[in-house]
Every structure is written in structure tokens, then in C-alpha cells.
Amino acid sequence: MDTTALPGAVRRTLPLLTGARAAASLRDGYLDLLDTEEPQPSGPVQSLWESRAGTAVYEPVQAFARKVVARLRPPAERLHLPDGGTVLDVGCGPGTVTAELGRDVGPRGLAIGVDLSRSMLRRAADAHAAANVGFLRADVTNLPLRDASVDAVTCLMVLQLVHDQETALAECARVVAPGGRIAVLQPGYAGPGAGVVAAVAGVAGLRMPGHRAIAATLRAHGLTVVESETTAPVARVLAEKPAERS
Ligand SMILES: C[S@@+](CC[C@H](N)C(=O)[O-])C[C@H]1O[C@@H](n2cnc3c(N)ncnc32)[C@H](O)[C@@H]1O
């Protein structure tokens, strides 16, 4: 691969990648690390997010949801993002949050958005690629990043679309550096009739792990849970990888 042709932020991502990059190609402003694979969508909602129409619809829906639901992304200070740090936004969709994270880490930092959907990534790269914001096509259950290579991970409204949620969370835990934080946000409801809501979501191919299950998985991977709660319509978990002792 001719790395000189890569956008600046993608080039800065290369040292963080595992060997997977040999099969990578640059497409529409993002690095496609799944170019030779075609993962099957996990269900009808994921098929929608992989289509042009779904991508076009998603952004205004997301903007509206962010107006009416407080904290659809964790505040920067809760992520403990260092100025000049590196943050990974898995399931970045149209890249709106990735771009905000780029502003949080500043020009010396790096915000990397990862998604499966070509259509979302095309839009993300088009609208938000910058010297410190880059996008990769990869699967959260098999992240192409080295162990402990990023300072924080956000996984916002993604897990419900992933079949192997344990592996996805294990991957987030693997790539975050000691002292770094992982924020997971999910559609969530824990009130009366929660079982019915989960069953209806299941018909649409959505799996809604509760905050307790997410927290338990992150704990099992050595993280300390800082926050874990459901306030409909979202479940949120914030966890920290213990710093290494010197
Ligand atoms: C509902 S959107 C959330 C976008 C963004 N995080 C936000 O908060 O607005 C979910 C995104 O997760 C992506 N996604 C689903 N499964 C994925 C996987 N296994 N690996 C990476 N991205 C995935 C979808 O393509 C979609 O863009």
C-alpha cells in the first residue's frame, strides 16, 4: 500500500494497527480493513445502516435524539481524555461523535472512527475527516488495533447490533491502555414490561444487554466499573482499566 496517498489521520493510525493492514485499501477517504471480507449484516436494522437510504435517515434522527435525550455521548471529562490522546469510537456511524472527540483531544490527538458500514464511513470521511480524525472499516469483534494502543474507547448505540457482544467488549478492553476508560451506551429500558420490550427488539434483530451484563463482562476483562445504570431510553456503563503499578 502506498501510504503517502493516505489522509493524514489514517497515516497516523498505521503504527497502532496489527498486521491486518496488508489487505487494506483506501476507499472514499477511509481505510477498508475488511476489503476481502463481506460480513453478513446482523439483522434488518444493521442492513438499514449499511444502505445509503438508512445512512441518510440516520443523521437527522441522531441529531433529533441528541436534542431530546440528555447525554447521548459521555462528557469528555468522564472519559479522562488527555490533550493529545488517542480515542477510538467503535460503531462510529456518520462520524458526528468521532469529530467531537477529535475536538476534545485537540490537534495533537487522534480520534479514530471504526464501522462496518461503507455507506456510514463514506459520509463520515466526507464530512468529518481531518488531520486528527480518521476512519477505518473494521469489525468491533475483531479490532485491527494493537493491545493497549488507545487512551479511551466509546461504543455508543452499537452493541445491540452485534451478535457476539462479549467478544466486542473484550476487544474494547484489550485495546484500551492501562488507566484508560471505556464508555458504552445502549438503548435500554429496565421498567415494567422490560421483557416484552426486549422480545419486540429481538424480532427486529436487536439484542439489548442490560447495563449489569455489560458491566459484568467488562469486569471479567479486568476493568473497574465507574458507572452502570439504566435511565430509559439508555443504559450506560463507564469502566476504567486499572493503571499499571510501577
Ligand atoms: C445506531 S449507529 C450508532 C452510531 C454512533 N455511534 C452514534 O452514537 O450515533 C450503529 C453503528 O454501528 C455499526 N456497527 C454495527 N455492528 C458493528 C460491528 N460489528 N463493528 C463495527 N461497527 C458496527 C453500524 O454500521 C452503525 O453505523
When a/c is below 1.5 the answer is rounded, else prolate if a/b is larger than b/c, else oblate, so apply that to region 107-149 with a ≥ b ≥ c taken from the square roots of the Cα gyration tensor eigenvalues.
oblate
Beta bridges per DSSP with both ends in the chain, % antiparallel, nearest 5:
45 percent
In terms of the Cα gyration tensor, with a ≥ b ≥ c the square roots of its eigenvalues, is region 89-246 rounded because a/c is under 1.5, prolate because a/b exceeds b/c, or oblate?
oblate
Extending each Cα 7 Å along its Cβ direction at ALA131 and ARG108, get the distance between those two points in nm, one decimal.
1.3 nm
Given a Förster distance of 25 Å, report the FRET efficiency between ALA170 and ALA243 from their Cβ-Cβ distance, rounded to the nearest 0.05.
0.80
Evaluate the relative contact order of region 3-240 (contact order divided by residue number), counting alpha-carbon pairs under 8 angstrom at least 6 apart; express in whole percent.
19 percent
Protection proxy (average C-beta count within 10 Å per residue), highest first, orders 132-138, 201-207, 183-189 as 132-138, 183-189, 201-207
Once a ≥ b ≥ c are taken as the square roots of the eigenvalues of the Cα gyration tensor of region 104-183, is the result rounded (a/c under 1.5), prolate (a/b larger than b/c) or oblate (a/b not larger than b/c)?
oblate
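How would you rank 226-233, 150-157, highest first, on the average number of other Cβ atoms within 10 Å across their residues?
Ranking the peptides 226-233, 150-157 by packing returns 150-157, 226-233.
Values in this text are rule-based calculations from the coordinates and carry no lab data. Owing to the predicted nature of the structure, the values given are computational and were not obtained by experimental measurement. When we count neighbours, we look across all protein chains shown, and the Cβ atoms used for this are built from the backbone with ideal geometry, even at glycine.
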